[in-house]
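For reference, the structure discussed in these notes is given below.
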Amino acid sequence: MVLTGIVLALTLAQSSAPRQEAPKTDETVPVQRGSRLSINNFAGEVVVHTWDRDSVHVVARHQSRTRVSIRPGPSGLSISASGIMGPQGSVDYDITAPSWMAVRIEGTYNFVTIDGMQAEVFASTVRGDVIIKGVTGLITAKSIEGEIDVDGARGKINVSSTNEKIKISDASGDITAESVNGGITMTGIDSTSVEASTVNGDIVYEGKVANGGHYSFGTHNGNLSLGIPENTNATFTIRTYQGSFSTDLPLEGVTRADLHRGRRVTTTLGSGSADVNLETFGGAIRLRRGTAIRPHGR
Amino acid sequence: MEDLWTGRLSEYLDDELSSDDRRGLESHLAGCDACRETLAELRGVVSRAGALPARPPAADLWRGIAPRLDRRGSVTAFTPQVHRRFSFTLPQLVAAGLALMVMSGGGVWVLNNGGRATSLPPLAANTDPNVVPAAIADPHYDEAIADLEQALQAGRSQLDPGTIKVLEANLAAIDAAIEQSRQALATDPANVYLNSHLADARQRKLALLRRAAALVNRG
């Protein structure tokens, strides 16, 4: 009823005004190499993709009383919107930018997709998903209520979602992922440094464990599932207070009794070169060869 | 031009009219082009809205609606809000800084006392009566948490009620983790893992509250 009421109000407002097509901003702005792109969008969607021209093409769909501002400045290009007679409405942006351009996107009810940038990207939302594909560079994405999906990234990845899941796939470089109620799933990872932690969610890791690398996974109530190559050289430090541990890897010296009440247990695979830290207060720790999750139980 | 039936079209669509009213409106629709057109548009928009993924409402609507949905707040007029700025006092910032210093110190302590793998045999939990548990009580931390919670409480109306609910649920999840760690520590005070785990949970709560306070501040 509330939604219908809102829609009715919008419909009545529109029916009383002269009919017109949805306003659209369509502008191309030249940019200098090294400059940055900053977008602030309170509500709507921002999609950024790349081309090989040194200019930024902005297409924005919005209400007639919303004005989109595209402002070149000394540090780069800033894009935002404002209401002509009051607050702005939602704006959907489709932006094409040079791949070398660093991008910063902030908003509240904002859905973000960044595709193909070869530079630093930053995306922050309160309620809205963030999708980052094929980006190379420093990647920062955070949300309170939105999912984070990073695919095919190369670089330093730092992501957090307070309440929703985080998914990182086919990525390389240092990774830090953090949540509270969300799970964290990492597949196809090639990294020497991975740190993932959550309170109530599960953590899944499938990927390489590089010699000399550092890996840390921790949850309170969630489960940890790691799938790693059998020829991995790693030293595992395992701690759980009231959880469990299982593995099909040839690890010695780990017994159920050892793991009770948070006692630290160290065990080695191969030369033990990498450092893998696994902690959970009450969840299960599963260490597998190859695939982290098996379709039919253990 | 609006008539007395126009405002009831949403009830009609939602099938919330009495049978008499429904018949009355349908009779009216037969002779009112404007209402038929509005109803058709309404159906179209509802249909499109139903097909779309969840999308937040536009800003102008939401800022008027949000305060009315806040159960603890009184109904406010639907007018554009002037953004309130929230800032922290110097003592509050100092308290937060001190809390972070203490937490960092705790992290170093844990790092130097069992946080990493060593060649030593595994530690036995709570077997050495001489082992002193890490100090948990930290008035600076508690003050910082209290201040941030106060700031969040004071700025509730600046945030979407749904976001408030999510933040509170996540803070509750962290509090539960803290409480479980505390209870475990009560019976096993020298447990290195529990001390480390508790410190992490407290740090996480501080970080989330700071994030929430920043959202409030941003308005």
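The values are calculated or read from the model by the stated rules, or taken from the named source; none is laboratory data. Small disclaimer: the values here were computed from a predicted structure and weren't measured. As a convention, Cβ positions derive from the backbone with ideal geometry for all residues, glycine included, and neighbour counts pool all protein chains shown.
To keep it simple, each residue is scored yes or no on (1) surrounded by fewer than 21 Cβ atoms within 10 Å (Cβ to Cβ); (2) on the phi > 0 side of the Ramachandran plot; (3) within 11 Å of chain B (Cβ to nearest Cβ); (4) among the small types (Gly, Ala, Ser).
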residue	(1), (2), (3), (4)
A:227	yes, no, no, yes
A:234	no, no, yes, yes
A:246	yes, no, no, yes
A:251	yes, no, no, no
A:260	yes, no, yes, no
A:275	yes, no, yes, no
A:285	no, no, no, no
A:288	yes, no, no, no
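In the range B:154-195, what residues are over 12 Å from residue B:212 (Cα atoms), among the polar types (S, T, N, Q) and more than 8 Å from chain A (Cβ to nearest Cβ)?
B:157, B:183, B:187, B:195
Step by step: first the residues of the range A:167-183, then only those that are assigned to a strand (DSSP E or B) and within 14 Å of chain B (Cβ to nearest Cβ), then the one that is farthest from residue A:209 (Cα to Cα). Which residue is that?
Across the range A:167-183, the extreme among qualifying residues is A:179.
Check B:128, B:138, B:200, B:160 and return the single one that is more than 12 Å from the chain's Cα centre (by Cα) and either modelled with pLDDT of 85 or more or among the aliphatic types (A, V, I, L, M) (or both).
B:200
Tell me, please, whether a residue that is at the interface with chain A (Cβ under 7 Å from one of its Cβ atoms), surrounded by fewer than 22 Cβ atoms within 10 Å (Cβ to Cβ) and farther than 25 Å from residue A:242 by Cβ can be found in the range B:203-219.
yes
Go through (1) within 13 Å of the chain's Cα centre (by Cα); (2) more than 17 Å from residue A:219 (Cα to Cα); (3) at pLDDT 90 or above and name the single condition residue B:186 misses.
(1)
Evaluate the range A:136-149: report whether one residue or more is modelled with pLDDT of 95 or more, β-branched (Val, Ile, Thr) and under 18 Å from residue A:227 (Cα atoms).
no
Given the criterion among the basic types (Lys, Arg) and under 27 Å from residue A:34 (Cα atoms), identify the matching residue among A:165, A:133.
Every option except A:133 fails the conditions.
May I ask you to verify whether residue A:137 is within 11 Å of the chain's Cα centre (by Cα) and in contact (Cβ under 8 Å) with a residue 24 or more places away in the chain?
Against the criterion (within 11 Å of the chain's Cα centre (by Cα) and in contact (Cβ under 8 Å) with a residue 24 or more places away in the chain), residue A:137 does not qualify.
Having 1 or more residues that are touching a residue at least 60 places away in the same chain (Cβ under 8 Å) and aliphatic (A, V, I, L, M) is the bar; report the strands (runs of 3 or more DSSP E) wholly within the range A:25-103 that clear it.
Output list reads A:36-51, A:91-98.
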